[in-house]
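The structure appears right after this line, and notes come after that.
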Ligand SMILES: C=CC1=C(C)c2cc3[nH]c(cc4nc(cc5[nH]c(cc1n2)c(C)c5CCC(=O)O)C(CCC(=O)O)=C4C)c(C)c3C=C
Ligand SMILES: [Fe+2]
Ligand SMILES: [Fe+2]
């Protein structure tokens, strides 16, 4: 069988000139700004032009562009390799706000003429702002292009064994790098406006599940969960990563920080965590600050994704929920209420 695996991620600008249109695409998404298009689209134009200089300065610190596409391509190739013989697997990277974007990827997948399609979010924890937004865009473009191939979707995998193992390996290396001193592990996730969680988004509870699974796998840790990357005037979920770094400083603890909701490197790891928060840690007397890398193509992570893809292919009609415990899931991810909520 020919099987297309579509790997969803957010995308990032590939040049300084791309920053503003990338931001405009992001703020035009009704999953990000929940207003009717009459208000949302002019607002997106306004916010993106106001934020562009600040965002360009962020990207300038990593050479003017985001490395997220190259990293996601490497994950697609590693996954094809891990899936091995038996079927003709082909991985397609599909970004939400910068190229390659949904319409073009739907066309490429159609040319491949697969027998089945698997939609695979590179977001371990489900959110309406990320996974559901990508799935909705896919369904719309696939319908327009009359791509009617049977399609299955993985909603989420917050405590998938390979993901947890890869994360635990990397955090253990971080602990070794911090040396022989009292340490607190900060599990830092991208934040969300509080109102998104209040509306039923399971992201925060899934982030907490990931953190607990990693902490349990390692054992004996002093750890806490915190949230980074806040933008805009709304109240976001907390505690914020900067406050937790300052608290570690006043407790005399070294910090080992693991970004548990990102699976690749980009501006929010390479600039926010590696430059801005390292500086904050130094200023607040944190004895050592170690930023743990994201899972990337760690073999255990890729093997875990391959297991999930194979499970979907082998048991297409058997209910298997891949993680949505805070919202009941029918398990057949075509009928998963988390995904259904996206259409
Ligand atoms: C778990 C992952 C992510 C969630 C949840 C998320 C929600 C979310 N993001 C914004 C605003 C911005 N995000 C930006 C970049 C960005 N965000 C994620 C991941 C999640 N976002 C990634 C992987 C990236 C890509 C970074 C890169 O490639 O460099 C940006 C642009 C950067 C900047 O200007 O700071 C914005 C803006 C909101 C508003 C939101 C939920 C409502
Ligand atoms: Fe974001
Ligand atoms: Fe599900």
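The values are calculated or read from the model by the stated rules, or taken from the named source; none is laboratory data. Keep in mind it's a predicted model, so treat the numbers as computed, not measured. Glycine gets a Cβ as well: all are built from the backbone with ideal geometry, and neighbour counts include every protein chain shown.
Structural remarks
- Count - residues of region 127-148 that are in contact with a helix residue (DSSP H, G or I) (Cβ under 6 Å, 6 or more places away or on another chain) and under 22 Å from residue 205 (Cα atoms): 2
- Answer from 135, 171 - the residue that is modelled with pLDDT of 95 or more and either farther than 21 Å from residue 96 by Cβ or within 16 Å of ligand 3 (Cβ to nearest atom) (or both): 171
- Filter result for residue 225 (in a strand (DSSP E or B) and over 17 Å from the mean Cα position of the chain (by Cα)): no
- Selected residue [free of Cβ contacts under 8 Å to residues at least 40 places away in the same chain, away from ligand 1 (no atom under 15 Å from the Cβ), assigned to a helix (DSSP H, G or I) and surrounded by 19 or more Cβ atoms within 10 Å (Cβ to Cβ)] from 176, 142, 166: 142
- Scanning region 106-151 for residues that are within 19 Å of the chain's Cα centre (by Cα) and farther than 28 Å from residue 188 by Cα yields 118, 138.
- Where residue 205 falls short, out of the listed (1) more than 16 Å from ligand 3 (Cβ to nearest atom); (2) surrounded by fewer than 20 Cβ atoms within 10 Å (Cβ to Cβ): (1)
- Qualifying residue in region 104-114 (condition: over 14 Å from residue 3 (Cα atoms), surrounded by 15 or more Cβ atoms within 10 Å (Cβ to Cβ) and in contact (Cβ under 8 Å) with a residue 12 or more places away in the chain): yes
- Considering residues of region 182-207 that are away from ligand 1 (no atom under 11 Å from the Cβ) and modelled with pLDDT under 95 only, the residue nearest to residue 241 (Cα to Cα): 205
- Within region 63-85, the set of residues being touching a helix residue (DSSP H, G or I) at 6+ places or on another chain (Cβ under 9 Å) and away from ligand 2 (no atom under 16 Å from the Cβ) comprises 64, 65, 75, 78, 79, 81, 82, 83, 84.
- Here is the figure for region 186-222: residues that are touching a helix residue (DSSP H, G or I) at 6+ places or on another chain (Cβ under 6 Å), outside any helix (DSSP H, G or I) and away from ligand 2 (no atom under 16 Å from the Cβ) total 3.
- Residue check for residue 79: under 16 Å from the mean Cα position of the chain (by Cα), touching a residue at least 12 places away in the same chain (Cβ under 8 Å) and in a helix (DSSP H, G or I): no
- With respect to the conditions (1) in a helix (DSSP H, G or I); (2) modelled with pLDDT of 95 or more, residue 294 lacks only one, and its number is (1).
- First in region 184-197 and touching a residue at least 24 places away in the same chain (Cβ under 8 Å) and over 20 Å from residue 215 (Cα atoms), second anywhere and assigned to a loop (DSSP other than H, G, I, E, B) and away from ligand 2 (no atom under 16 Å from the Cβ), Cβ under 6 Å, 6 or more apart: 194/235
- Residues within region 244-273 that are more than 16 Å from residue 227 (Cβ to Cβ) and within 18 Å of the chain's Cα centre (by Cα), tallied: 7
- Index of the failed condition, residue 179 passing every other in (1) away from ligand 2 (no atom under 16 Å from the Cβ); (2) farther than 27 Å from residue 282 by Cβ: (2)
- Among the criteria (1) more than 14 Å from ligand 2 (Cβ to nearest atom); (2) under 24 Å from residue 194 (Cα atoms), the one residue 236 does not fulfil is (1).
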